[in-house]
Amino acid sequence: MGRRADLYAYNLTCTHLQCQVKYNETSQMLECPCHGSLFDPINDAKVIKGPAVKALPKIVLEEDENGDIYAVDLIGF
Ligand code: FES
């Protein structure tokens, strides 16, 4: 298996008070519906707007020889 730097995923539980964030295609941000935090999915899900202060945990992905993708680690949890 090999790591895919061009693929990434995040735990979608907001780091503020644990609501589920959603991707907004218009803004291209991950948005929390509870208190309005914004996370940038292109930039390691860093906080663009609070009240959250911590980025979303990143899920490390690997691809096997058949093209199947696996989550193998969680960073920042
Ligand atoms: S739970 Fe997401 S901003 Fe508060």
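The values are calculated or read from the model by the stated rules, or taken from the named source; none is laboratory data. Everything numeric here is computed off the predicted structure, so don't read it as measured data. Glycine gets a Cβ as well: all are built from the backbone with ideal geometry, and neighbour counts include every protein chain shown. Note: accessible area is taken over every heavy atom of the protein model, side chains too, but ligands, DNA and RNA are not part of it. Shrake-Rupley method; radii C 1.70, N 1.55, O 1.52, S 1.80 Å.
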Q: Could you check Val53 against (1) in a strand (DSSP E or B); (2) open to solvent by 100 Å² or more (accessible area, probe 1.4 Å) and say which number it fails?
A: (1)
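From Val60, Val47, grab the single residue that is under 12 Å from the mean Cα position of the chain (by Cα), near the ligand (Cβ under 10 Å from one of its atoms), of a type in the set (Val, Ile, Thr) and not in a loop (DSSP other than H, G, I, E, B).
Values: Val60 fails: near the ligand (Cβ under 10 Å from one of its atoms).
Result: Val47 is the single residue among Val60, Val47 that is under 12 Å from the mean Cα position of the chain (by Cα), near the ligand (Cβ under 10 Å from one of its atoms), of a type in the set (Val, Ile, Thr) and not in a loop (DSSP other than H, G, I, E, B).
A quick yes/no check of all residues on (1) among the small types (Gly, Ala, Ser); (2) on the phi > 0 side of the Ramachandran plot:
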{"residue": "Leu30", "(1), (2)": "no, no"}
{"residue": "Pro33", "(1), (2)": "no, no"}
{"residue": "Ser37", "(1), (2)": "yes, no"}
{"residue": "Pro41", "(1), (2)": "no, no"}
{"residue": "Ile48", "(1), (2)": "no, no"}
{"residue": "Ala55", "(1), (2)": "yes, no"}
{"residue": "Lys58", "(1), (2)": "no, no"}
{"residue": "Gly67", "(1), (2)": "yes, yes"}
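Just checking, does segment 24-39 include any residue being within 13 Å of the ligand (Cβ to nearest atom), without any contact (Cβ under 8 Å) to a residue 60 or more places away in the chain, of a type in the set (S, T, N, Q) and exposed (fewer than 12 other Cβ atoms within 10 Å of the Cβ)?
The initial filter retains those residues of segment 24-39 that are within 13 Å of the ligand (Cβ to nearest atom), namely 29-39.
When the remaining residues are screened for being without any contact (Cβ under 8 Å) to a residue 60 or more places away in the chain, the result is 29-39.
Next, from what is left, pick out any that are of a type in the set (S, T, N, Q): 37.
Checking which are exposed (fewer than 12 other Cβ atoms within 10 Å of the Cβ) leaves us with none.
No: segment 24-39 contains no residue that is within 13 Å of the ligand (Cβ to nearest atom), without any contact (Cβ under 8 Å) to a residue 60 or more places away in the chain, of a type in the set (S, T, N, Q) and exposed (fewer than 12 other Cβ atoms within 10 Å of the Cβ).
Does segment 2-23 hold any residues that are under 18 Å from Leu74 (Cβ atoms) and either within 14 Å of the ligand (Cβ to nearest atom) or basic (Lys, Arg) (or both), and which are they? Please lay out each step first, then the result.
Taking segment 2-23 and keeping what is under 18 Å from Leu74 (Cβ atoms), we get 3-5, 7-15, 18, 20-21.
Answer for segment 2-23, where residues must be under 18 Å from Leu74 (Cβ atoms) and either within 14 Å of the ligand (Cβ to nearest atom) or basic (Lys, Arg) (or both): Arg3, Arg4, Tyr10, Asn11, Leu12, Thr13, Cys14, Thr15, Gln18, Gln20, Val21.
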